Every structure is written in C-alpha cells, then in structure tokens.
Amino acid sequence: MAEVLQATQYLTFTLADEVFAVDVARVREILEISTITKVPQTPAFMQGVINLRGSVVPVIDMRLKFGMAETERTVNTCIIVVEVMMDGETSVLGALADSVQEVIEMEPSQIEAAPHIGTHIKTEFLKGMGKQNERFVMILDIDKVFSLAELVAVQEQDAMAGL
C-alpha cells in the first residue's frame with residue numbers, strides 16, 4: 001500500500017533575518033513578551049521562566065540557542081509556547097522569537113534535506129529546508145532543539161527553587 005504523504009502546517013517565525021518553522025501541531029499558543037523571571041546558574045540561552053496560568057514554563061532565547069546575538073525586545077518579540085517530547089513525556093517550553101510570521105502549508109515534496117554547510121545552526125535540529133516565496137524556511141525538529149541534559153538541568157533548578 002502506498003504511503004499517503006500529507007501536507008503539514010507550520011508556524012513560521014524569524015530569528016535575525018532567517019525564517020524558521022515549527023509544526024503547528026506542537027504550538028500551544030503565542031504570547032506577547034511578558035516578565036521573565038531569571039533563574040540563577042542556567043545556560044545563557046535560558047532566559048528564565050514565566051507563569052502561564054499557574055504553570056512554570058522555561059523560556060529559551062532561540063537566537064542564543066543557535067549561536068546568534070541575543071534577542072532584542074521589540075513590539076514584535078513574542079514567546080511561542082511549544083510542546084516537546086522528552087523521554088516519552090511532553091514538556092512545555094517558551095521559545096523567544098523576533099516575530100511570528102504566518103502559518104504555511106508545505107507538502108513533503110517542498111521540503112529538502114538540511115544542508116551541512118551555510119547555516120549557523122547545527123543541522124541535526126533541522127527536519128529540512130522548505131522554500132516559500134523564493135525564501136528558504138528552516139523547519140525545526142523541535143524535539144531535537146533542546147537536549148535532554150539541558151532540559152533536565154532546567155527542571156532540576158525549577159524543583160530546587162520550589163517552583
């Protein structure tokens with residue numbers, strides 16, 4: 001039986017001048033930038049935590065995570081709340097982005113394998129490269145963006161802080 005290849009919807013967002021995308025099914029919500037509480041002794045890309053309706057959600061600066069300059073706060077800066085799978089469990093994270101663009105739909109045929117050169121992010125984070133309106137869109141594998149060790153460290157600090 002032939003496998004049915006379905007189009008997937010992606011939320012596109014910008015970091016610096018690059019366009020990234022994440023599977024819309026993994027996005028819980030998009031928040032305006034709010035007060036982020038710093039957590040001591042966390043990696044630089046870990047901006048801190050926010051209170052999301054009583055839940056503590058770690059916020060990661062995606063630009064720092066990918067080796068870019070720190071995100072400058074503007075009216076467009078937002079937090080994309082995503083679900084990531086870790087050890088078979090779902091965790092909720094906030095990803096700081098310069099701006100959210102739109103939801104696009106891409107067929108598997110529109111997505112190519114990630115190149116091994118030319119981007120300043122590690123390609124294991126990428127599911128592939130899509131093309132939209134003559135621009136490349138880097139499609140993130142959100143589960144691989146954050147390593148287990150990093151998330152465990154963040155969760156342990158949340159526990160120590162009694163959050």
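The values are calculated or read from the model by the stated rules, or taken from the named source; none is laboratory data. None of these values were measured; they are calculated from a predicted model. Note that we place each Cβ from the backbone using ideal geometry, even for glycine, and neighbour counts take in every protein chain shown.
Within segment 57-66, the set of residues being more than 9 Å from residue 96 (Cβ to Cβ), part of a strand (DSSP E or B) and not β-branched (Val, Ile, Thr) comprises just one member, 58.
Any idea how many residues of segment 27-42 are outside any loop (DSSP other than H, G, I, E, B) and closer than 21 Å to residue 11 by Cα? Even if it seems obvious, please write down each step before you answer.
Going residue by residue through segment 27-42, those that are outside any loop (DSSP other than H, G, I, E, B) are 27-32, 37.
With the extra rule that they be closer than 21 Å to residue 11 by Cα, the set shrinks to 27-32.
Residues that pass the stated criteria total 6.
Among the residues of segment 62-81, those identified as modelled with pLDDT of 95 or more and buried (at least 19 other Cβ atoms within 10 Å of the Cβ) are 78, 79, 80, 81.
Determine whether residue 82 is touching a residue at least 40 places away in the same chain (Cβ under 8 Å), hydrophobic (A, V, I, L, M, F, W, C) and not in a helix (DSSP H, G or I). If you could, list the steps in order and put the result at the bottom.
Working: touching a residue at least 40 places away in the same chain (Cβ under 8 Å): yes; hydrophobic (A, V, I, L, M, F, W, C): yes; not in a helix (DSSP H, G or I): yes.
Yes, satisfied.
Scanning segment 44-58 for residues that are polar (S, T, N, Q) and without any contact (Cβ under 8 Å) to a residue 24 or more places away in the chain returns a single hit, 51. Tell me yes or no: at least one residue of segment 121-128 is surrounded by 11 or more Cβ atoms within 10 Å (Cβ to Cβ), out of contact with any Asp or Glu (no Cβ under 7 Å at 6 or more places or on another chain), closer than 17 Å to residue 12 by Cα and among the polar types (S, T, N, Q). No: segment 121-128 contains no residue that is surrounded by 11 or more Cβ atoms within 10 Å (Cβ to Cβ), out of contact with any Asp or Glu (no Cβ under 7 Å at 6 or more places or on another chain), closer than 17 Å to residue 12 by Cα and among the polar types (S, T, N, Q).
Checking each residue in segment 1-55 for being of a type in the set (S, T, N, Q) and farther than 15 Å from residue 65 by Cα picks out 6, 8, 9, 12, 34, 35, 37, 41, 51, 55. Just one of the listed residues (21, 69) is in a loop (DSSP other than H, G, I, E, B) and either without any contact (Cβ under 8 Å) to a residue 24 or more places away in the chain or closer than 30 Å to residue 132 by Cα (or both), namely 69.
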